[in-house]
1. Under a point-charge model restricted to the Cβ atoms of Lys and Arg (+1) and Asp and Glu (-1), what is the dipole moment magnitude of the stretch 128-265 relative to its Cα centre, in debye to the nearest 20?
2. Beta carbons within 10 angstrom, averaged per residue: use that to sort the peptides 222-235, 158-171, highest first.
3. Near the amide H of residue 220, under 5 Å away, which other amide H atoms are found, from residues 5 or more places off or on another chain, if H is placed in the peptide plane?
4. Could you calculate the contour length gain from residue 341 to residue 22, that is, 0.36 nm times the residue separation minus the distance between their Cα atoms, to one decimal place in nm?
5. In what order do 291, 128 fall by count of nearby beta-carbon atoms within 10 Å, going from fewest to most?
6. Would you please put 6-14, 300-308 in order of how densely packed they are, using the mean number of other Cβ atoms within 10 angstrom per residue and starting with the highest?
7. If you project the alpha carbons of the stretch 272-343 onto their three principal axes, what span does each projection cover, largest first, in Å?
8. Most exposed first by the Cβ proxy, i.e. fewest other Cβ within 10 Å, how do 258, 17 rank?
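Derivation of every value follows stated rules applied to the coordinates shown; laboratory data play no part. As the structure is a computational prediction, the values presented were derived from the model and not from experiment. Neighbour counts are summed over all protein chains in view; Cβ atoms, including those assigned to glycine, are modelled from backbone coordinates with ideal geometry.
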Amino acid sequence: MANDLYEVLGVDKTASDDEIKKAFRKKARQLHPDVNKDPDAEDRFKELNEAYDVLSDPNKRAQYDRFGTIPGASGGGGSQYVDLEDLFGGGFGGFGGGGMEDIFDMFFGGQGRGSRGSNAGPQRGADLRFDLEITFEEAAFGLEREISLYRDEQCPHCHGNGAEPGSKVETCPECHGSGEIRFTQNTMFGQMTNVRPCPKCHGEGKIISEPCKECRGQGTVKKNKKLKVKIPAGVDNGSRLRVAGEGEAGVKGGPSGDLYVYLYVKPHKFFERDGTTVYCEVPINIVQATLGDEIKVPTLDGQVVMKVPEGTQPGKVLRLKGKGIPSLRNSTRGDQLVRIKVVVPQKLNEKQKDALRKFAEISKDNINPEEKGFLNKIKDLFK
């Protein structure tokens, strides 16, 4: 044991129990032999434990402070190894902060608690993503589109088992087909049973004497695949379609992954939408707005005739029933809302101006019924 136990822990003789415990934890992280590879790390760690064994015990500490020694402590037999969860406080500082889980991964390569790494047995193929751009009308009414994929497919030569037809496929004699090797290791935690991929078969569980010449033993080959995808009516920008079983091929008889088609709808030059409702804006002149009229309005089904009521104001919204987008749930179509834009002429000839002046003279206060009320409000404001 060192001459001064306080120096071993790096604390003053007046240190509290909590300060001693914190100092021990800090140095234990630095000196533990499984972390510190210095030749003298193990001896220094034992010395640290002996110092903590004495100074963490009030009776032993009092005896040490009085006599400078503890009977039976010099041989190291009385040293205590504290619980690692207590030592590392649920997180091994500087090693990821993940507690005991990270310590297992650090010492055993992530293989200390289960059968990771084995490739034996059927494995599901990976999912694929395909981005597809469609028009506004195609999103509204649906379509069937042919797409081209470059994906893993089952090797037709070996039918997916990775072996050249007629060659021998043997169960690995090392792991007996499991693809894993278990071994026991003495660690700071005691004896641990660990699992690693079998080095002889590389985790496959079998040994192929002659790999398939087409797929080189992989069981899958890359191929271009043309596929027709049915897009239902009513999809929107960002919609995702799942096509089951059209992803990458599975391995060793495993199922194929899925294909996910992400839809992007091109903006329309005239229409906008919100759910199943279609919006558009239609310009009319002041005569049509004043007297009313029947105008042609474009819809997703072509042009229709819509009646503009007499006295229609700018910004008025008219509804065309059933001219919107079909619902994905029940195919019921939404409506089309038409916003009226009244266009005021900017250039008039003298004849047109005279007509408007005569109209204003005849109408007098009735030309703008809201004007009188507005002027009265202004007068009241400045009284």
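1. Approximately 380 debye in magnitude.
2. Ranking, from highest mean packing down: 158-171, 222-235.
3. 155
4. My answer for the length gained is 107.2 nm.
5. Placing the least packed residue first, the sequence is 291, 128.
6. The densest-packed peptide leads the list: 6-14, 300-308.
7. Principal axes ranked by extent give 43, 19, 14 Å for the Cα atoms.
8. By the 10 Å Cβ count, ascending: 17, 258.
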